[in-house]
1. How far, in degrees from 0 to 90, does helix 29-42 lean away from the longest principal axis of the Cα atoms of the chain, to the nearest 10?
2. Please determine, in degrees from 0 to 90 and to the nearest 10, the orientation of helix 46-58 with respect to the longest principal axis defined by the Cα atoms of the chain, where the helix direction is its Cα long axis.
3. Hey, in the GNM for the chain with a 10 angstrom Cα cutoff, which one of 18, 41, 29 fluctuates hardest?
4. Using only the alpha carbons of the chain, what is the convex hull's orientation-averaged projected area in square nanometres?
5. Does anyone have the angle between helix 12-25 and the longest principal axis of the chain? Alpha-carbon axes, 0 to 90°, nearest 10?
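Every number here is computed from the coordinates shown, using simple stated rules; none is lab data. Note that this is a predicted model, so its numbers are computed, not measured.
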């Protein structure tokens with residue numbers, strides 16, 4: 001399996017928050033990000049689908065009136 005690298009830019013505040021989470025969980029920042037990305041990739045649409053369904057249900061009457 002080939003391995004690729006990417007570079008991400010974070011604000012100082014974001015980086016500090018990520019480092020604090022990594023420290024609290026006792027893993028490196030790289031492992032924390034890798035684990036979160038792997039989790040997201042294995043469930044890519046669940047959060048989006050939930051959010052979309054919520055918005056559609058919440059605004060159903062508005063959408064009906066606009067149609």
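1. 30
2. Rounded to the nearest ten degrees, it is 30.
3. Answer for the Gaussian network model of the chain: 41.
4. 7.9
5. 70
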